[in-house]
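Notes to accompany the following structure.
The values are calculated or read from the model by the stated rules, or taken from the named source; none is laboratory data. Quantities reported herein were computed from a predicted structural model and do not represent experimental measurements. Positions of Cβ are generated from backbone atoms using ideal geometry, with glycine treated the same way; all protein chains shown enter the neighbour counts. For the accessible areas, the whole protein counts, side chains as well, though only heavy atoms, and no ligand, DNA or RNA atoms are used. Shrake-Rupley method; radii C 1.70, N 1.55, O 1.52, S 1.80 Å.
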Amino acid sequence: MGFPGTWMTESESVLYRVVPKCACSTIGQIMYYSDHGRFFDGDIHDAQDGLHKWALDHSQAPISRVVNAHSTYAFTCVRNPYTRVLSSFFDKICGIQRNGRRYRGNLVPKLVYDYGIEVGGDDGKHEFDQIKSFRRFLLFVRDTVRFRRPMEPDIHWSSTSGHVSTFIWNGGRYDKIFWTEQFNDGMQQVLDEIETPHTVDLTSIPRFNESEGHGPKRAHPVEDYFDDLSMHLIYEIYKRDFELFKYDFENPGNKMPIGEIDLEEVHAKLGE
């Protein structure tokens, strides 16, 4: 299986397991900048050189070598399940993607037909009942994650712990896992542990939110989207994420972690 979703600087200064919807565009650009002294011109997910990625054939041997030897500092970044799945809904389901089309072709029409979801019209900019549609989307997410129907779960709403675990299963070990909600602190701790060809000043790094502007703006506070049923569904889908990464299940309005991530616990439970 190897190490899917893994990126590494060409200088082998640092290795990162990508988790979608968890600041991955910004992290990728920081890694690129740390090697080249400039940012990648475009979406870092489109870069075919300048950064090792497991999806690129020529990158698999060097990534495997450093992971198996644990010779390169390895990290990942996680996010509150409530805000992550909301972000997926507004970006991937309601939004028009950068290619000018809907995400995954016929997915959105299928959701409109089968689950009664509204997405704000053809351009995603018309008003609609966001709360009702999101809760119906959550039923779809549950169906994909628990029952693998009507499709396999998409990477943008499959569990964070699922992404994180593949690296561990195949022999990888994380040196750091930090929260999107405390991004600067966590990313700085990573940078303090590594040596890079170019110095990175986090205070001057822009945020590369490639999904921003794809879909409608969230019209309500996070907690308004989650009633008792949807909280039950969220816990059914993301129980391990709340437990391992120390997020507050009881209060959807609190996006901040409520404890410290225990790396030993993460490796033990996700390596089973």
Whole-number percent relative contact order across region 225-272, with pairs defined as alpha carbons under 8 Å at least 6 apart: 26 percent
Listed residues Gly259, Gly172, Gly105; largest mean-square fluctuation, Gaussian network over the chain with Cα springs below 10 Å, found at Gly105
Largest to smallest accessible area among Leu191, Leu270 [probe 1.4 Å]: Leu191, Leu270
Place a point 7 Å from Cα of Asn170 in the direction of its Cβ. Which residues in region 11-54 have their backbone N less than 15 Å from it? 15-19, 52-54
CD proxy, 222 nm, the chain: helix-only mean residue ellipticity via -39,500 (n - 2.57) per DSSP H run with n ≥ 4, per residue, nearest 500, stands at -12500 deg cm²/dmol
For Lys269, which aspartates and glutamates qualify as cross-link partners when the Cα separation must be under 20 Å and same-chain residues fewer than eight apart are set aside? Asp175, Glu236, Asp241, Glu243, Asp248, Glu260
Accessible area (Å², 1.4 Å probe, nearest 10) - Glu12: 50 Å²
I'd like the accessible area for Phe208, computed on protein heavy atoms only with a 1.4 Å probe and all protein chains in place. Round to 10 Å², please. 40 Å²
Rounded to whole angstrom, the alpha-carbon centroid of region 116-146 lies from that of region 177-250 at a distance of 21 Å
Return the carbon/sulfur percentage of the accessible area of the chain, one whole number, probe 1.4 Å, all protein chains in place. 46 percent
What distance in nm separates the two pseudo spin-label positions at Asp228 and Arg149, each 7 Å out from Cα along the beta-carbon direction? 2.9 nm
Rounded to the nearest 10 Å², the 1.4 Å probe accessible area of Trp169 is 130 Å²
Tell me which residues come under 5 Å, amide H to amide H, from Tyr73 once H is placed; ignore anything under 5 positions away on its chain. Leu15
Asn68 versus Leu56, label points 7 Å from Cα toward the beta carbon: distance in nm? 2.1 nm
Rounded to the nearest 10, the angle in degrees between the Cα long axis of helix 57-69 and the longest principal axis of the Cα atoms of the chain comes to 70 degrees
